[in-house]
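For reference, the structure is listed below as structure tokens.
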Amino acid sequence: MRQRSLPGFGVSLGVTLVWLVGLVLVPLLALLLRPWELGPLGVWKSLAEPRVLAALRLSFLGALAASAAMLPLGLLVAWVLVRYRFPGRRLLDGVVDLPFALPTAVAGLALTALYAPNGWLGAPLDALGLKVAYTPLGVGLAMAFVGLPFVVRTVEPVLRDLPLEAEEAAATLGASRPQVVWRVVLPALAPALLAGFAMASARAIGEYGSVIFIAGNMPMVSEIAPLLIVVRLEQFDYAGAAAVGLAMLALSFLLLLGLNLATRFWRRA
Amino acid sequence: MSLALRGLRRSFGPAQALRDIALEVKGGEFVALLGPSGSGKTTLLRILAGLDFPDQGEVRIDDQDMAQVPARHRRIGFVFQHYALFRHMTVFENVAFGLRVRPRSSRPHEAEIAARVRRLLERMQIAELERRLPEQISGGQRQRVALARALAIEPRLLLLDEPFGALDAEVRKGLRHWLRALHVELNLTSLFVTHDQDEAMELADRVAVMQAGRIVQFDTPARILDQPANGFVAGFIGQAQRFAGRLTPQELVFDGIPLAPLPRHRLLGEAAAPGAGQGPAEAFIRAHEWRATPGPGNAVLTSARPAGGRVQAVFALGDSLVEAELPPGLLEPGEPCQLDPLTARVFLAEAPFAAP
Amino acid sequence: MSPRPAIAEPRWARIFLCGLALLLLALFLLLPLAAVFTEALRRGWGPVWQALSDPDAIAAIELTLLVAAIAVPVNTIGGVAGAWCIAKFDFPGRALLLALIELPFSVSPVISGLVWVLLFGAHGWFGPWLQAHDLQIVFALPGLVLATLFVTFPFVARTLIPLMQEQGRSAEEAAATLGASGWQTFFRVTLPEIRWALLSGVLLCNARAMGEFGAVSVVSGHVRGETNTMPLHIEILYNEYQFVGAFAVAALLALLALVTLAAKALLERGGPRGSLAA
């Protein structure tokens with residue numbers, strides 16, 4: 001092999017491969033292979049149970065809806081952080097990362113306390129006839145909580161690097177401020193928004209800790225797919241648990257692939 | 001110190017960066033590698049330093065083949081284009097680095113290191129900066145630090161990659177003379193890469209002109225200017241304008257421009273000899289190699305600007321524009337005249353290189 | 001007055017947008033945090049202290065620290081090695097390697113635990129062999145460590161790679177021309193340039209390792225005082241209606257998160273002496 005200008009390539013690549021293969025690839029290989037002990041038909045049956053389908057549907061649609069709902073808020077926060085200087089900006093900047101740093105069990109507990117029928121926010125919402133905790137809405141809320149930083153942190157750097165000259169050019173051409181934002185700024189941010197949406201969704205689909213406290217976990221109603229894995233493992237149904245896990249990974253992969261293609265299409269269009 | 005390169009080749013995937021390079025440099029010489037970007041000059045410099053390795057060929061330093069020896073064992077000083085100073089170290093620490101990383105057996109005492117570093121910094125006229133961080137000093141000062149750092153290891157050969165590339169035009173001029181003086185005073189053997197022909201011509205004892213991965217000419221600045229080896233060198237050096245034409249047994253006939261043919265005895269270059277062949281050719285004419293005669297003729301003066309006792313003029317000839325130097329006051333813009341070349345460097349148009 | 005008046009929003013709009021962002025984030029992110037501390041202190045400091053000094057709670061805290069103390073160094077070494085070869089060398093498959101390193105980020109925590117059960121559980125590939133040799137991985141410390149390793153796998157590499165790619169390799173090449181060996185180059189040239197980013201990555205890795213719930217929940221077996229980490233302890237207390245205890249432990253973990261965030265913010269502003277100078 002050709003010599004390299006810097007030393008340490010062999011050692012670092014070796015360490016990296018051992019680390020990667022041992023801790024990530026071999027375990028994932030088990031996930032990839034275990035379900036097929038049931039045979040293709042068995043895997044199908046194991047996934048076609050109504051309870052499984054309901055859980056997968058809740059995890060995916062809930063994640064998509066929650067991430068979509070975070071797009072406007074994420075954009076607003078990123079905009080304010082990049083474009084304005086105001087008291088409390090530093091704090092805002094730090095608070096955005098809170099869902100990253102807060103352990104999921106703590107987040108789940110906190111959201112439950114807050115939105116329970118007797119909680120600070122749960123009580124007034126309950127009076128309005130809106131039940132959050134222990135419903136699919138609660139599941140979506142927890143997913144939105146963990147997804148928000150992904151949207152903000154993906155849009156923020158792109159917005160910061162956006163040349164202001166383009167907006168000034170639009171202004172000299174007679175565009176009003178809303179027109180400039182709508183026709184110049186937003187299209188430039190669209191790929192980043194889509195990428196943030198994809199990352200938030202990917203995180204929310206697999207989310208467990210912050211969801212199970214607030215979800216109530218009623219089969220067919222508010223039970224998420226990861227919980228089903230835990231349930232099946234408790235019944236020693238390894239293959240069935242692996243089947244759900246593999247289905248989740250496959251669906252996430254398809255979703256990310258689809259969003260990636262959409263982003264490329266957007267850039268070309 | 002002597003340096004000899006033979007049969008050096010290097011490709012990056014399908015792209016051939018160096019094709020069969022041969023070069024011999026004597027101890028004490030100051031050599032420039034001159035060429036447009038992408039001609040392979042930086043690749044060549046990196047191979048000399050041991051930061052890259054040739055696919056084939058020899059790099060002989062003091063008659064030892066070093067082609068596969070990594071950089072750390074070569075003792076060759078390298079000044080990077082953007083200096084690559086260690087940003088977390090002070091100027092002093094940067095310069096001391098090469099001495100401090102030596103194996104214990106050959107490492108000087110800390111006091112000795114300090115003395116050597118201070119001597120170098122003084123020599124570079126930046127002694128007062130020793131405690132500063134690289135981000136706290138100017139571009140020209142950084143360059144001196146980079147140079148001091150490279151010289152601290154007492155290199156057998158000093159390599160500089162675009163040494164003035166990152167500097168303002170003002171600073172550049174001053175540093176050129178200073179570097180030349182330093183080279184002589186420290187009795188260095190140096191190679192530097194540049195795409196600026198003025199820099200190469202002014203600084204170097206010999207210039208290697210590179211084109212598409214080859215050294216097309218390696219000679220003193222004067223001879224490169226006088227006797228360019230091919231059309232590429234003639235066009236790249238000395239601000240010559242290129243014209244297409246045909247060589248007949250008697251003269252050079254210009255294509256597509258109303259210029260009178262030039263008889264063979266007025267031509268320069270290999271194609272000028274009577275028996276040198278004929279056919280399509282390219283001619284290079286420098287701005288001072290023109291004569292303008294006022295009165296009706298083939299050209300009209302379109303613009304003129306004074307330049308140090310002469311006038312830089314632009315003429316329209318048919319569809320083409322020609323740049324020429326005139327004595328002042330000869331013509332006013334808009335006036336017609338007869339424009340004739342006094343001479344031309346002519347090269348028969350053949351594929352300059354057969355692809356290997 | 002904005003330096004770019006042509007494209008500035010009117011003052012009222014700016015104030016409105018900033019206010020809205022602050023209000024929404026306070027409601028959405030800060031209020032839950034406040035709820036944790038309020039619930040924990042509902043009956044004063046006494047019960048909080050009691051909950052935290054309970055032997056099971058202390059065992060959970062110790063186990064959490066132990067798991068992090070093993071997992072974080074392993075992922076730090078792996079992450080630095082991965083960042084070094086990805087950022088400083090060109091080789092075929094580099095993009096694939098980077099994608100694989102980031103893979104655990106897009107895997108559900110529960111799956112991160114599940115994969116170890118599939119390998120080492122009673123009915124796992126290596127389960128019978130482990131049983132025959134009287135070794136236990138799942139439902140024991142090794143399983144907790146492995147699950148934590150999987151979920152915190154990319155943190156250090158992910159923080160380092162963009163920075164190291166941006167810094168390029170010319171400083172290392174300069175060190176090589178000056179005669180430095182590989183280790184000298186790494187410890188004297190590379191490491192000082194990335195130290196604050198490395199620290200930030202290690203802190204994030206640590207926060208996640210101590211706070212991980214889903215993955216360790218699958219491999220823990222939930223034996224009180226033995227295989228319960230702090231987040232799992234919260235769940236047990238909550239399910240037993242010991243709310244103050246649950247929120248007390250949660251508050252402790254929330255403090256860890258706040259400290260991590262503060263440290264990260266400090267590091268991103270350029271390290272203690274402002275010398276990150278990226």
Original post:
Could you give me the ³J(HN,Hα) list for the stretch A:149-160, computed from phi with Karplus coefficients 6.51, -1.76, 1.60 and θ = phi - 60°, whole Hz, x at Gly and Pro?
Top reply: x, 4, 5, 4, 6, 8, 6, 3, x, 5, 5, 5
Subject >> J(HN,Hα) series, the stretch C:93-100, from Karplus relation 6.51 cos²θ - 1.76 cosθ + 1.60, nearest Hz, glycine and proline x >> reply: x, 5, 5, 5, 4, 4, 4, 5
**OP:** Could you work out the relative contact order of chain C, using alpha carbon pairs under 8 angstrom and six or more residues apart, expressed as a whole percent?
**Re:** 29 percent
Original post:
Taking amide H positions as placed 1.01 Å from N in the peptide plane, with prolines and chain starts having none, which residues 5 or more places from B:ILE215, or on another chain, fall under 5 Å of its amide H?
Top reply: B:ALA22
Subject >> Spin-label model distance (nm) - A:VAL18 vs B:ASP198, 7 Å beyond Cα toward Cβ >> reply: 5.8 nm
**OP:** For the stretch B:279-337 and the stretch B:142-200, compute the distance between their C-alpha centroids and round to whole Å.
**Re:** 38 Å
**OP:** For C:LEU41, put the label point 7 Å out on the Cα→Cβ axis and report which residues of the stretch A:118-156 keep their amide N under 18 Å from it.
**Re:** A:120
Original post:
When Cβ neighbours within 10 Å are restricted to other protein chains, what is their mean count per residue of peptide C:16-27?
Top reply: 6
Subject >> Residue of B:ARG291, B:ARG46, B:ARG305 that the Gaussian network model of chain B assigns the largest fluctuation, springs spanning Cα pairs under 10 Å >> reply: B:ARG305
**OP:** Using Cα centres only, tell me the gap between the stretch A:46-87 and the stretch A:139-162 in whole Å.
**Re:** 9 Å
Original post:
By the gyration tensor of its Cα atoms, with a ≥ b ≥ c the square roots of the eigenvalues, what is the shape of the stretch C:7-139: rounded for a/c under 1.5, prolate for a/b over b/c, or oblate?
Top reply: oblate
Original post:
Which residue fluctuates the most in chain C, going by a Gaussian network model with Cα springs under 10 Å, if the choices are C:LEU118, C:LEU23, C:LEU141?
Top reply: C:LEU23
Original post:
Quick one: which of A:139-151, A:118-130 comes out on top by average Cβ neighbours within 10 Å, and what's the full order, highest first?
Top reply: A:139-151, A:118-130
Original post:
Taking springs between alpha-carbon atoms closer than 10 angstrom, which of B:ILE76, B:ILE126, B:ILE224 fluctuates most in the Gaussian network model of chain B?
Top reply: B:ILE126
Original post:
How many nm separate the modelled label positions at C:LEU65 and B:VAL253, each set 7 Å beyond the Cα in the direction of the Cβ?
Top reply: 9.7 nm
Original post:
Can you give the FRET efficiency for B:ALA273 and A:GLU165, using 1/(1 + (r/R0)^6), R0 = 60 Å, r = Cβ-Cβ distance, to the nearest 0.05?
Top reply: 0.55
**OP:** Mind listing the long-range amide H neighbours of B:ALA349? Cut-off is under 5 Å, sequence gap 5 or more, other chains count too, H placed in the peptide plane at 1.01 Å from N.
**Re:** B:ALA281, B:GLU282
Original post:
Around A:GLY216, which amide H atoms from residues at least 5 apart in sequence, or from another chain, sit under 5 Å from its own amide H, with H modelled in the peptide plane?
Top reply: A:TYR134
Subject >> the stretch A:45-154 - percent relative contact order, Cα under 8 Å, separation 6 or more >> reply: 41 percent
Subject >> Semi-axis lengths, Å, the protein assembly as shown, gyration tensor of Cα atoms, sqrt of 5 times eigenvalues >> reply: 67, 34, 28
Subject >> Of B:LYS26/B:LYS173; B:LYS41/B:LYS173; A:LYS131/C:LYS264, those spanning more than 31 Å from alpha-carbon to alpha-carbon >> reply: A:LYS131/C:LYS264
Subject >> Karplus-derived 3J(HN,Hα), 6.51/-1.76/1.60, for each residue of the stretch A:223-237, Hz, glycine and proline x >> reply: 9, 8, 4, x, 5, 4, 4, 4, 4, 5, 5, 5, 8, 6, 8
**OP:** Compute from the Cα atoms of the stretch A:28-173 the Rg and the Dmax, the latter being the longest Cα-Cα distance, and quote both in angstrom.
**Re:** 21.1, 67
**OP:** With label points built 7 Å along Cα→Cβ from the Cα atoms of C:ALA13 and A:LEU125, find their separation and express it in nm.
**Re:** 3.2 nm
**OP:** Let me know the mean shielding of B:68-76 by other chains, meaning the per-residue number of their Cβ atoms within 10 Å of its Cβ.
**Re:** 5
Original post:
Give or take rounding to whole Å, what are the principal axis extents of the alpha carbon atoms in the stretch B:159-303, in descending order?
Top reply: 56, 39, 24
**OP:** For A:GLN235 and A:ALA68, calculate 0.36 nm times their separation in residues minus their Cα-Cα distance, and state this gained length in nm to one decimal.
**Re:** 56.6 nm
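Each reported figure results from applying straightforward, stated rules to the coordinates on display, with no laboratory input. Only a predicted model underlies this, so the values are computations on that prediction, with no experimental measurement involved. All Cβ positions, even for glycine, are placed from backbone atoms using ideal geometry, and neighbour counts span all protein chains on display.
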